[in-house]
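Nothing in this text is a laboratory measurement; each read-out follows from the coordinates by a stated rule. Note that the structure is predicted; figures quoted are calculated from it, not measured. Every residue, glycine among them, receives a Cβ derived from its backbone with ideal geometry; neighbour counts consider all protein chains shown.
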């Protein structure tokens, strides 16, 4: 209804205006308000107001005059700032509330996860206080079946995981249960299969960790041949190859038999591969034979077993010295390599048997005739050649002196 202002004026207060407000509107409480239209005397009620985010209206506010969140709505918990480690309780997010004590609860960041559960970072802000709501299953929740060769991976005990593949380690027993897991010519030792500490970390070489070579995997070196009976035995437990004479070193006094080079060494390799040399031949064993043990390398390595091939003839074996010389003492102990080795000047015998060498303080000239015939003088040159000069008594001068005519060298004194 259009209101007319009294006294011809266009304005009037709501006291003088007769009006009927539309639905959801009500008469203003300010009756003295000056209006130019009767509709201006009506105010909207809260039923017409749409509450903003974080606010919630209700029937209790419908008849209120107002057009704001503060007059028509309640603040909800979604507008409450929760303390650190807490979050808005989901069921309270759209409910009226102004205090943290009624709107907030601990988040999963405050919930400890133990044993079969481990922390789930994606739930740290979730309001919850249960293992199911805050945590995720850990590898401790998974059963690693040792009978199938699986053991828990200690490094993953607190890691997320729900499967054997993610949480357990394979052992050599796992491979043992799968006979095709080792390469050809390799196998798993029973003690390795039973040893659950022999695990196979991700990326490890399973063959190197669990599979041991069989003799059939061994390539015998040159000079050796395989033991066929050992083909399926572990190579570190038995001898897979047997040596041939080609690689056997004969001991001192033995020489290799070339014809036996490809023969196996057997239990007595020296006898199988070698033959005796002259080093074992006893040249002195034949008493009076006149043979002497040789030091000639060529003879000592000879395998022909005879006095002629193994021995040296001694000076006692029919050796003939020149007329001016005679055999040295004990000729049977001397090797007849030259005249000098067997013979000495004839005068050496008299010096050796009948005379003695003068001392440093003796002199032929000071000796009487009797003593003169018992002495000789020795001179050794810078080249270590010894010369022997006998003392001789000169009756003409009645004097003992050196007899140069009797001088000899290279005697065995």
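How far is the Cα center of the stretch 212-272 from the Cα center of the stretch 300-349, in Å?
So the two Cα centres are separated by 47 Å.
With the contact rule set at Cα under 8 Å and sequence spacing of 6 or more, what percent relative contact order holds for the stretch 346-409? Could the numbers behind the result be given before it?
Working: 100 pairs, mean separation 19.5, N = 64.
Once normalised by length, the contact order is 30 percent.
Please work out the FRET efficiency for the pair residue 394 and residue 363, using the Cβ-Cβ distance as r and a Förster radius of 22 Å; give the result to the nearest 0.05.
On the way: r = 15 Å, r/R0 = 0.67.
Calculated transfer efficiency: 0.90.
Could you work out how much longer the chain between residue 379 and residue 341 gets when fully extended? Use 0.36 nm per residue separation minus the Cα distance between them, nm to one decimal.
Numbers: separation 38, 0.36 × 38 = 13.68 nm, distance 2.10 nm.
Here the answer is 11.6 nm.
Which of the three applies to the stretch 111-237, rounded, prolate or oblate, going by the alpha-carbon gyration tensor with a ≥ b ≥ c and a/c under 1.5 meaning rounded?
Prolate is the answer for the stretch 111-237, as a/c is 1.5 or above and a/b outweighs b/c.
How many nm is it between the label spots at residue 284 and residue 272, if each spot is 7 Å from the Cα in line with the beta carbon?
3.7
Give me the extension gain from residue 99 to residue 221: residue separation times 0.36 nm, minus the current Cα-Cα distance, reported in nm with one decimal. Present the calculation step by step, with values, prior to reporting the outcome.
On the way: separation 122, 0.36 × 122 = 43.92 nm, distance 8.78 nm.
The span from residue 99 to residue 221 would gain 35.1 nm if fully extended.
What does the extension gain come out to for residue 354 and residue 233, with contour length at 0.36 nm per residue minus their alpha carbon separation? Mind showing how you got there, number by number?
Values: separation 121, 0.36 × 121 = 43.56 nm, distance 8.15 nm.
Full-extension gain reported as 35.4 nm.
Mind checking Rg over Rh on the stretch 138-213, alpha carbons, Kirkwood formula for Rh? Mind showing how you got there, number by number?
Details: Rg = 12.7 Å, Rh = 12.6 Å.
Result: Rg/Rh = 1.01.
Between residue 162 and residue 114, what's the calculated FRET efficiency when r is the beta-carbon distance and R0 is 25 Å? Round to 0.05.
Details: r = 17 Å, r/R0 = 0.68.
That pair, residue 162 with residue 114, gives E of 0.90.
Within the stretch 54-68, name every residue whose backbone N is under 13 Å away from a label modeled 7 Å from Cα of residue 33 along the Cβ vector.
Within reach of a label on residue 33, which here means backbone N under 13 Å from a point 7 Å along Cα→Cβ, the stretch 54-68 contributes 65-67.
Would you mind listing how long the chain runs along its three principal axes, going by Cα atoms, in whole Å with the largest first?
205, 65, 33
With only alpha-carbon atoms counted, please give the Rg and Dmax of the stretch 346-409, in Å.
Reported Rg and Dmax, both Å: 11.6, 37.
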